[in-house]
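Only one structure is covered here, and it is reproduced in the block below.
The values are calculated or read from the model by the stated rules, or taken from the named source; none is laboratory data. Keep in mind that what you see is a predicted model, and the values were worked out from it rather than measured. All Cβ positions, even for glycine, are placed from backbone atoms using ideal geometry, and neighbour counts span all protein chains on display. All accessible areas refer to the heavy atoms of the entire protein, side chains included, with ligands and DNA or RNA removed. Shrake-Rupley method; radii C 1.70, N 1.55, O 1.52, S 1.80 Å.
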Amino acid sequence: QLGYNGSTRWFNYSVSAARQRDGAGRTDNRVYATFSIPLGRDTVDTSIGFGREGHNEQVAYSGSRGDRISYGASVSRDAQGSTAFNGSGTYRHPYALLNGSLALGSGYRQYAFGASGALLVHPGGVTFGQGLGDTVALIKAPDAAGAAVSWYPGVKLDRRGYAIVPYLTP
């Protein structure tokens with residue numbers, strides 16, 4: 001396998017070629033090309049691959065709005081001509097993490113929605129958060145109610161000045 005990555009003022013690109021041999025001894029030569037176009041907080045990625053079985057393409061769009069919302073969508077077509085669409089999004093509320101996804105293709109549909117959060121009982125009361133993980137910190141800053149916790153997206157101190165910071169390294 002060999003490849004080359006580069007960039008221009010407007011986009012990044014990559015081209016590569018690979019030769020693979022399967023268990024039956026057949027070789028498959030594949031050529032790939034990808035382009036990534038940054039659009040501020042968003043990115044458009046396109047890719048195409050050519051091989052013995054035909055070619056496949058994909059166009060993907062991803063981005064975020066602030067530190068609370070992230071999203072992505074892609075459309076792809078495989079060598080047999082089957083088309084698929086995938087989309088997903090995440091919203092980081094100070095008290096929960098909400099996400100959803102959608103996948104549509106030839107003969108299938110899949111939808112998923114999820115919500116996760118945490119409730120921490122402590123001497124100062126009850127505090128809600130996005131999650132816990134193995135190691136968590138409780139911030140107490142009564143004079144900073146409503147302030148954002150800069151190193152963790154979407155986490156804010158509640159009206160009493162408490163916040164849960166999850167997934168810390170011990």
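Observations
- Within the range 136-147, considering residues that are farther than 18 Å from ASP67 by Cβ and open to solvent by less than 40 Å² (accessible area, probe 1.4 Å), the one nearest to the chain's Cα centre (by Cα): ALA137
- Residue count for the range 109-125, restricted to those that are open to solvent by less than 40 Å² (accessible area, probe 1.4 Å) and not aliphatic (A, V, I, L, M): 4
- The set of residues in the range 148-170 being farther than 20 Å from ASN99 by Cβ, open to solvent by 40 Å² or more (accessible area, probe 1.4 Å) and not polar (S, T, N, Q) consists of ALA148, TRP151, ARG159, ARG160, LEU168, PRO170.
- Those residues of the range 146-157 which are modelled with pLDDT under 90 and part of a loop (DSSP other than H, G, I, E, B), in sequence order: GLY146, VAL149, SER150, TRP151, TYR152, PRO153, GLY154, VAL155
- The set of residues in the range 74-108 being open to solvent by 50 Å² or more (accessible area, probe 1.4 Å) and at positive phi consists of GLY107 alone.
- A count restricted to the range 123-134 and to residues that are outside any strand (DSSP E or B) and over 25 Å from SER70 (Cα atoms) stands at 2.
- Test: residue in the range 24-32 that is under 20 Å from VAL59 (Cα atoms), modelled with pLDDT under 95 and touching a Pro at 6+ places or on another chain (Cβ under 8 Å): no
- Out of ILE37, ILE69, sole residue that is aliphatic (A, V, I, L, M), more than 16 Å from the chain's Cα centre (by Cα) and open to solvent by less than 80 Å² (accessible area, probe 1.4 Å): ILE37
- Hits in the range 25-39 (condition: within 17 Å of GLY51 (Cα to Cα) and of a type outside the set (Phe, Trp, Tyr)): GLY25, ARG26, THR27, ASP28, ASN29, ARG30, VAL31, ALA33, THR34
- Where strands (runs of 3 or more DSSP E) fall wholly inside the range 18-111, the ranges with 1 or more residues that are under 20 Å from GLY6 (Cα atoms) and touching a Ser or Thr at 6+ places or on another chain (Cβ under 9 Å) are 27-39, 42-51, 54-65.
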